[in-house]
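Okay, so here's the structure we're looking at.
The values are calculated or read from the model by the stated rules, or taken from the named source; none is laboratory data. The shown structure was predicted, so the numbers you read here are calculated from the model rather than taken from an experiment. Cβ coordinates were reconstructed from backbone atoms using ideal geometry, including for glycine residues, and neighbour counts include every protein chain displayed.
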Amino acid sequence: MSGKSASDYAAWKTLEQLYASDKARLVLKDLFASDPQRFAKFSREYTDSTDPKNTFLLDFSKNLIDDKVFAALLALVKEAGVESARDAMFAGEHINTSEDRAVLHIALRDPQHHFSLSEDGTGDVPAVLAHIKDFTDKVRSGAWTGYTGKRITTVVNIGIGGSDLGPVMVTEALKPYSQRNLDCRFISNIDGTHLAETVRDADPETTLFIIASKTFTTQETITNATSARDWFLGHAKDKAHVAKHFVALSTNTKAVTAFGIAEENMFQFWDWVGGRYSLWSAIGLSIALAIGYENFAELLAGAHAMDRHFTTTPLENNLPVILATMGIWYNDFYGAQTHVLLPYDQYLHKFADYFQQGDMESNGKFITKQGKRVDYQTGPIIWGAAGTNGQHSFYQLLHQGTKLVPADFIAPATSHNPIGGSLHHRILLSNYFAQPEALAFGKSEEQVRAEVGANASEALVKSKVFEGNRPSNSILLPKITPRSLGSLIAMYEHKIFVQGVVWGINSFDQMGVELGKVLAKNILAQLGAPADVKGHDSSTTGLIHYYQKIRVE
Ligand code: F6P
């Protein structure tokens with residue numbers, strides 16, 4: 001971290017010049033035509049040194065780059081001090097400066113437990129993992145029973161943000177590895193509907209609630225947890241039964257015990273684990289319950305292998321660095337506002353939701369670590385959906401809209417469900433290959449004319465033209481396994497880190513979520529009567545008054 005503003009770097013200025021002088025030349029059709037080696041040059045194979053099966057490909061050749069642009073982007077990463085920032089993170093330095101905290105989610109997935117900052121609690125990681133293993137083995141085997149002696153059949157994780165999205169995404173992604181007689185559900189929204197519909201058909205005698213909250217003060221989670229406890233006690237009656245049906249994942253022992261959960265039913269983690277980086281910690285308990293501890297350990301090992309790749313691979317071959325640079329090129333020079341994640345795998349249908357928080361809560365910031373307002377763009381809007389569904393809704397805009405939307409296409413070569421002799425999967429993959437090709441190379445007016453014939457109207461011809469030159473990355477994995485998923489998630493985490501360092505922002509706090517929380521608390525106290533509504537603008541006051549007039553309770 002140099003302390004300089006990103007736009008002051010020499011490499012940034014080089015990139016500005018390259019954009020101005022070479023943009024017209026950076027046409028994918030021509031770049032591919034003039035260089036038969038382009039795919040070989042701009043693709044990299046990731047290998048996991050401890051598991052040869054965990055190998056995958058990143059093809060970034062369909063980006064609007066050439067050698068000069070790529071070199072300048074890598075020079076930017078170097079000049080911004082990404083390598084020393086990375087080393088500082090791995091050394092446990094307090095790189096989360098506004099909160100004066102280390103950022104050590106990487107310590108949670110290091111099987112050798114190299115981190116021994118015992119005053120920070122990293123030395124306690126193996127003990128918590130052992131606690132997770134012991135508990136998950138008991139629940140999955142039926143040794144842990146509910147208050148009437150029946151085995152647990154339903155697990156309900158109550159949490160929000162990082163205490164929900166990671167477990168939701170991973171349990172969905174790794175469903176083929178799950179114990180199907182253990183139903184994992186999630187409640188996050190404060191809307192009572194989420195709780196009501198989730199427990200509607202649940203049996204209190206066989207339901208286990210996991211209260212997941214780093215702070216154990218989050219309004220949504222504590223309100224949902226309290227209502228879940230009321231629902232449970234409505235059946236079980238005796239408070240002593242709570243011990244068999246409620247466990248907590250938190251850093252806040254005092255609040256957990258005050259809630260009525262015994263300390264031995266609490267799974268500890270630490271303030272150096274950021275919420276959106278916490279699925280590797282005790283927050284992953286629902287994942288371990290769903291897929292078993294051994295598979296959870298594989299997930300951690302896959303992430304650790306990517307950590308090794310990130311820390312030891314030269315920048316030009318470093319996958320998180322490459323992804324970060326492609327994103328910066330479009331975000332800061334081409335003016336792209338968004339980035340779309342497109343997994344061609346139904347099991348990854350929550351992947352984009354997960355990285356919405358991962359990326360936007362990390363890098364959606366206009367203030368640098370030095371307190372200066374940036375004069376360039378920081379984090380993009382992240383969105384996406386699983387293929388091929390998106391093709392029948394928003395891809396129209398990707399192909400012919402007026403906006404540049406850089407895309408990541410992600411797919412496994414092998415499906416967990418090879419229905420029809422893998423016919424479904426071959427069709428899915430044919431789309432995975434076709435869409436980036438269509439985006440990059442489009443369809444010219446001449447091609448359209450040849451197709452539609454001389455009698456077609458000009459308007460029809462023009463409407464069928466695909467300009468092309470729309471960039472994408474393609475990530476192709478052998479299969480979605482706990483290990484490959486761990487590597488994939490860690491790759492994106494580090495991509496976000498690299499971009500945050502280049503932009504000079506603190507990717508590990510989330511001050512932007514506070515103001516709304518404070519205002520909502522104030523408004524909650526005023527919802528009773530019109531006379532209580534004070535201190536707002538006329539719009540907010542008018543809305544609350546209208547609500548008070550029409551509500552039925
Ligand atoms: O949205 C703000 C936030 O603090 C997230 O960063 C976090 O993941 C979420 O709330 C939940 O926080 P907690 O785990 O403390 O309940």
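Check Pro320 against each of (1) crowded, with 23+ Cβ neighbours inside 10 Å; (2) more than 30 Å from His113 (Cβ to Cβ) and name the one condition it does not meet.
(2)
What number of residues within the stretch 226-241 are in a helix (DSSP H, G or I) and either surrounded by fewer than 20 Cβ atoms within 10 Å (Cβ to Cβ) or within 10 Å of the ligand (Cβ to nearest atom) (or both)?
Total satisfying the criteria: 11.
Is it fair to say Ala20 is without any contact (Cβ under 8 Å) to a residue 12 or more places away in the chain and over 27 Å from Tyr376 (Cβ atoms)?
No.
Could you tell me which residue of the stretch 151-200 is nearest to Leu524 (Cα to Cα), considering only residues that are of a type in the set (A, V, I, L, M) and assigned to a loop (DSSP other than H, G, I, E, B)? Spell out the reasoning first.
Going residue by residue through the stretch 151-200, those that are of a type in the set (A, V, I, L, M) are 152, 155-156, 158, 160, 165, 168-170, 173-174, 182, 187, 190, 195-196, 199.
Within this subset, residues satisfying the condition of being assigned to a loop (DSSP other than H, G, I, E, B) are 152, 160, 174, 182, 190.
Working: Ile152: 37, Ile160: 20, Leu174: 39, Leu182: 37, Ile190: 13 Å.
So the residue we want is Ile190.
Here is a yes/no grid of residues against (1) in contact with a Phe, Trp or Tyr (Cβ under 9 Å, 6 or more places away or on another chain); (2) at pLDDT 95 or above; (3) among the hydroxyl-bearing types (Ser, Thr, Tyr):
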| residue | (1), (2), (3) |
| --- | --- |
| Gly146 | no, yes, no |
| Gly161 | no, yes, no |
| Ala173 | yes, yes, no |
| Phe186 | no, yes, no |
| Ile190 | no, yes, no |
| Ser213 | no, yes, yes |
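Determine, yes or no, whether Val128 is under 21 Å from Ala301 (Cα atoms) and either hydrophobic (A, V, I, L, M, F, W, C) or not in a helix (DSSP H, G or I) (or both).
Here the answer is yes, as Val128 does meet what is asked.
Name the residues in the stretch 262-291 that are in a loop (DSSP other than H, G, I, E, B), within 13 Å of the ligand (Cβ to nearest atom) and not polar (S, T, N, Q), would you?
Phe269, Trp270, Asp271, Val273, Gly274, Leu279
Of the conditions (1) surrounded by fewer than 23 Cβ atoms within 10 Å (Cβ to Cβ); (2) among the charged types (D, E, K, R); (3) within 14 Å of the chain's Cα centre (by Cα), Asp359 satisfies every one except a single condition; which number is it?
Here Asp359 meets the rest and fails (1).
Taking only the stretch 243-255 into account, find how many residues are over 24 Å from Arg276 (Cβ atoms) and either aromatic (Phe, Trp, Tyr) or touching a strand residue (DSSP E or B) at 6+ places or on another chain (Cβ under 9 Å) (or both).
So the answer is 3.
Pairs please, first residue from the stretch 204-222 and aliphatic (A, V, I, L, M), second anywhere and within 9 Å of the ligand (Cβ to nearest atom) and part of a loop (DSSP other than H, G, I, E, B), Cβ atoms under 8 Å, 6+ apart in sequence or on different chains.
Here the result reads Ile210/Gly159; Ile211/Gly159; Ala212/Gly159; Ala212/Asp164; Ile222/Ser213; Ile222/Phe216, each pair linking the stretch 204-222 to a residue that is within 9 Å of the ligand (Cβ to nearest atom) and part of a loop (DSSP other than H, G, I, E, B).
Can you pull out every residue in the stretch 367-380 that is surrounded by 15 or more Cβ atoms within 10 Å (Cβ to Cβ) and either without any contact (Cβ under 8 Å) to a residue 24 or more places away in the chain or within 20 Å of Lys495 (Cβ to Cβ) (or both)?
Correct list: Thr368, Lys369, Val374, Tyr376, Gln377, Thr378, Gly379, Pro380.
Filtering the stretch 142-199 down to residues that are touching a residue at least 12 places away in the same chain (Cβ under 8 Å) and acidic (Asp, Glu), which residue is farthest from the ligand (Cβ to nearest atom)?
Asp183
Just wondering, is there one or more residues in the stretch 394-411 that are assigned by the TED database to the domain that holds Met491, of a type outside the set (D, E, K, R) and modelled with pLDDT under 95? It would help to see each step written out before you state the result.
Let us first name the residues in the stretch 394-411 that are assigned by the TED database to the domain that holds Met491, namely 394-411.
Still in the running and of a type outside the set (D, E, K, R): 394-402, 404-407, 409-411.
The next check asks that each one be modelled with pLDDT under 95; those that pass are none.
Within the stretch 394-411, none of the residues are assigned by the TED database to the domain that holds Met491, of a type outside the set (D, E, K, R) and modelled with pLDDT under 95.
Spot the failing condition for Lys214; the list is (1) within 16 Å of the ligand (Cβ to nearest atom); (2) part of a helix (DSSP H, G or I); (3) out of contact with any strand residue (DSSP E or B) (no Cβ under 6 Å at 6 or more places or on another chain), and only one is missed.
Against the list (1) within 16 Å of the ligand (Cβ to nearest atom); (2) part of a helix (DSSP H, G or I); (3) out of contact with any strand residue (DSSP E or B) (no Cβ under 6 Å at 6 or more places or on another chain), Lys214 comes up short only on (2).
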